Amino acid sequence: MRPADHTPAMPAKPVLAIAGPTASGKSAAAMAVARALAPHQHVEIISVDSALVYRGMDIGTAKPTPAEQAEVPHHLIDLIDPAQAYSAARFVADARRLIAEIERRGALPLLVGGTMLYLKALRDGLDAMPSADPDVRAALDAQAAEQGWPALHAELARVDPATAARLAPHDAQRIQRALEVWRLTGRPLSTWHAQPGGSAQGLPLQLIALEPVSRAWLHERIAQRFDAMLAAGFLDEVRALRASTELHPDLPSMRCVGYRQAWEALDQEPALAAGSRGWAAFREAGIAATRQLAKRQLTWLRSMPDRQVVACDAPGLEDHVIEAIRSAR
């Protein structure tokens, strides 16, 4: 007797997704879609964001408000504590399960977010990459302690230029993982992600990409949003996280854009005061890091030729997205 297959069935139609760089208006557009389709079609949002999974990280992640989450069901938010880890493989499993459950309820699943690795893994599937190897990681840590992570990033660029291009030179966690996979298998990490039909079959997606015509517009939006986070108490949020003995700056959660820069600034100046030189340096570093994130997100998006592009800096963005969703359905 064959064991039961608990893999969620493939959806009958491509799953709708709204993706884009940070500050492009994804969340507001998704809420507008949900309101426009109600009450005839209920929408449930599945977050595609590696930072929103963490509890207690609300301001710096621009997490949907409690009112928004009460109005429209949101999934894959506040799943784990910041001391824990989440992965692309877990996201794929969670998202596939949720898509099937939402469709069984007669609702419309809508993927929304900017973690492009998660989106690509869901669309293309994931190969069974090797698990962590303590000896290889220890060797990489020792090499980094002697040479610095930028040197390991340069090494990665020689063996896996595609992965190195999307990582910052100090992104220790991801550089280490990419070099670990290379040393264990002789295959670049980028080839594991690029090959469809891995251990989990990919899902067809109807991708609506919010992309700016003007990069300057996006940069201004990023600065405005970062300032709004600061005004809302972002540094106090990071101070509260730092009070936990379980957290340290090398955790994936604390390496999220904004949190990493805030942690480093508070190491230098625990009483960081608005208007001080340290405050200005921290603000500049946080905005610059967010711009770099947006650049990497756009690079990922532009590698997906089947996406439908909507200009996020054009008037009437939400109306354009609603029209695109209705046409796709």
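Work from the charge dipole of the chain (Cβ charges, +1 for Lys and Arg, -1 for Asp and Glu, about the Cα centre) and give the residue of L205, S276, P66 farthest towards its positive end. Result: L205, furthest along the dipole toward the positive end. Simple point charges give the picture: +1 on the Cβ of Lys and Arg, -1 on the Cβ of Asp and Glu, and for the range 113-216 a dipole about the Cα centre of about 300 debye.
So what's the back-of-envelope 222 nm ellipticity for the chain, counting only DSSP H runs of four-plus at -39500 (n - 2.57) apiece and dividing by all residues, rounded to 500? Mind dumping the intermediate values first?
Details: 14 runs with 168 residues, N = 329.
Rounded to the nearest 500, the figure is -16000 deg cm²/dmol.
Near V309, the amide H atoms lying under 5 Å from its own belong to A209; only residues 5 or more places off or on other chains count, and H is placed 1.01 Å from N.
Under the convention that each Lys and Arg Cβ holds +1 and each Asp and Glu Cβ holds -1, the size of the dipole of the range 134-192 around its Cα centre is about 220 debye. Note on the chain: GNM, Cα springs under 10 Å; of A228, A51, A19, the largest mean-square fluctuation is that of A228.
Taking the Cβ of E44 as the centre, find all other residues whose Cβ is under 11 Å away and add up their charges (Lys, Arg: +1; Asp, Glu: -1). Write down the numbers at each step before the final one.
On the way: positive: R105; negative: E101, E103.
Local charge sum for E44: -1.
When the chain is described by a simple charge dipole with +1 on each Lys and Arg Cβ and -1 on each Asp and Glu Cβ, the residue from H248, A17, M57 located farthest towards its positive end is A17. Among P315, P150, P64, the residue with the largest mean-square fluctuation in a Gaussian network model of the chain, with springs joining Cα atoms closer than 10 Å, is P315.
State log₁₀ I(q)/I(0) for the chain at q = 0.11 Å⁻¹ as given by the Debye formula over alpha-carbon point scatterers of equal weight, solvent excluded. Reported log10 I(q)/I(0), two decimals: -0.75. Note on the chain: GNM, Cα springs under 10 Å; of P134, P169, P270, the largest mean-square fluctuation is that of P134. Relative to the current alpha-carbon distance between Q308 and E264, full extension at 0.36 nm per residue lengthens the span by 12.0 nm.
On full extension of the chain, what length is gained from A142 through T65, given 0.36 nm per residue of separation minus the C-alpha to C-alpha distance?
Values: separation 77, 0.36 × 77 = 27.72 nm, distance 4.26 nm.
Extra length available between A142 and T65 comes to 23.5 nm.
Among beta bridges from DSSP that stay inside the chain, the antiparallel ones total about 10%.
Can you tell me the relative contact order of the chain? Whole percent, Cα pairs under 8 Å, sequence separation 6 or more.
Values: 452 pairs, mean separation 87.4, N = 329.
Relative contact order for the chain comes out at 27 percent.
What does the charge dipole of the range 195-327 about its Cα centre add up to, to the nearest 20 debye, if the Cβ of each Lys and Arg holds +1 and the Cβ of each Asp and Glu holds -1? If you can, show how the numbers build up before the last one.
Numbers: 15 positive and 16 negative charges, 63 e Å.
I would put it at about 300 debye.
The mean sequence separation of alpha-carbon pairs under 8 Å and at least six residues apart, normalised by the residue count of the range 134-192, gives a relative contact order of 32 percent.
Applying 0.36 nm per residue to the separation of A28 and A271 and subtracting their alpha-carbon distance, the gain on full extension is 84.1 nm.
Quick note: the coordinates plus some simple rules give every number you see, no bench work behind them. Small disclaimer: the values here were computed from a predicted structure and weren't measured. All Cβ positions, glycine included, derive from the backbone under ideal geometry; neighbour counts span all protein chains shown.
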